[in-house]
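The values are calculated or read from the model by the stated rules, or taken from the named source; none is laboratory data. Remember, predicted model here, so these are calculated numbers, not experimental data. Cβ atoms come from the backbone with ideal geometry, glycine included; neighbour counts cover every protein chain shown. Surface areas here come from the heavy atoms of the whole protein model, side chains and all, with no ligands, DNA or RNA. Shrake-Rupley method; radii C 1.70, N 1.55, O 1.52, S 1.80 Å.
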Amino acid sequence: MDSTPAAWSQADSYLADTLVGPDAELESALVAQREAGLPEIEVAPVAGKLLNLLVRISGARRVLEIGTLGGYSTIWLARAVGSEGRVVTIEAEAENAAVARASIDAAGVGDRVDIRIGRGAEVLPTLVGGFDLVFIDADKESNTVYLDWAARLGHSGTVVVLDNIGREGEIVRDDSTDSKVIGTRDGLRMLGEDPRFDATALQTVGAKGWDGFAIAVVV
């Protein structure tokens, strides 16, 4: 089989069918997101499952998400923290937050989720630290700001996941003028140089194209 976007998407669907399976609540969240006209930039099902597993593997009970969108990934995270856990999720757009709140409540995990509305750089300084896992999936131009706060609001052993680091391979271009590529490169450089982090990154292909994620631990 040739390595093409269509083949990547087909393989992603196979993996989701085999390892994730149908989920009425998550599928309803996606329907609500589409009906509200939100962009189709949520994590893929296999990535949502990965986030869920990372929370469970690390034993995280306090999770911070930067970038709620329609609440799809938030539901994955909230399920993983358990009934005694909490997810604080930040969303810049009030309309998006309203869509997310309805879907999160419909999924039965609303009591575990605190949605904070506002720009991340403005909301983050208001939070109380002690987060066990931080998922960053917001404007790429602010990656270094979010990573700095992930370290400040975390503790030794906090897991940090930075999404969308592949940028269709454009991350190799030091002459790029794309603000998202520049922000991604800055974030990766920070993870490599800042002594507060120990990190790696993986590029991926799938339903979301050629992309990837970085994963770090606060040391």
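Give me the 1.4 Å probe accessible area per residue for the chain, excluding ligands and nucleic acids, in Å².
Here the per-residue accessible area is 48 Å².
Could you give the size of the charge dipole of the chain about its Cα centre, using +1 on the Cβ of each K and R and -1 on the Cβ of each D and E, expressed in debye and rounded to the nearest 20?
Numbers: 20 positive and 34 negative charges, 133 e Å.
So the magnitude is around 640 debye.
Given a Förster distance of 25 angstrom, what is the FRET efficiency for Glu93 paired with Val219, based on the Cβ-Cβ distance and rounded to 0.05?
FRET efficiency, Glu93 to Val219: 0.15.
So how strong a dipole does segment 144-219 carry about its Cα centre when Lys and Arg Cβ are +1 and Asp and Glu Cβ are -1, to the nearest 20 debye?
180 debye
Using a basic spin-label model with each label point 7 Å from the Cα along Cα→Cβ, how many nm lie between Glu40 and Glu170?
Distance between the two pseudo-spin positions: 2.0 nm.
Sorting Arg86, Arg167 by accessible area (1.4 Å probe), largest first, what list results?
So, going from the largest accessible area down, we get Arg86, Arg167.
Cα to Cα, under 19 Å, and not fewer than 8 places away if on the same chain: which lysines meet these conditions relative to Lys180?
Answer for Lys180, where 19 Å is the Cα cut-off: Lys140, Lys208, listed by chain and number.
Just add up the charged neighbours of Asn52: K/R +1, D/E -1, any other residue whose Cβ is under 15 Å from the Cβ of Asn52. Show your work: numbers first, answer last.
On the way: positive: Lys49, Arg56, Arg61, Arg79, Arg112; negative: Asp23, Glu25, Glu42, Glu65, Asp132, Asp137, Asp163.
So the environment of Asn52 carries a net charge of -2.
Please compute the modelled spin-label separation between Gln203 and Arg189, points set 7 Å along Cα→Cβ, answer in nm with one decimal.
1.9 nm
Suppose we keep just the DSSP beta bridges with both residues in the chain; what percent of those would be antiparallel, to 5?
If we restrict to bridges inside the chain, about 45 percent are antiparallel.
In whole percent, how big is the carbon plus sulfur part of the accessible area of segment 72-163, probe 1.4 Å, protein atoms only? Write out the running numbers ahead of the final one.
Numbers: 1650 of 3380 Å².
Summing carbon and sulfur atoms, their accessible area is 49 percent of the total for segment 72-163.
Any chance you could tell me what percent of the C-alpha pair distances in segment 130-187 go past 16 Å?
Details: 710 of 1653 pairs.
Roughly 43 percent, rounded to a whole number.
Of the options Ala106, Gly206, Asn164, report the single residue whose Cα projects farthest towards the positive end of the charge dipole of segment 85-219 (beta-carbon charges: Lys, Arg +1; Asp, Glu -1).
Ala106
Just want to confirm a number: the relative contact order over the chain, from Cα pairs under 8 angstrom separated by 6+ residues, in percent.
Dividing the mean separation by the residue count of the chain yields 19 percent.
Less than 12 Å Cβ to Cβ from Ile117, Lys/Arg counted +1 and Asp/Glu -1: what total charge do the surrounding residues give?
My count for the surroundings of Ile117 gives -2.
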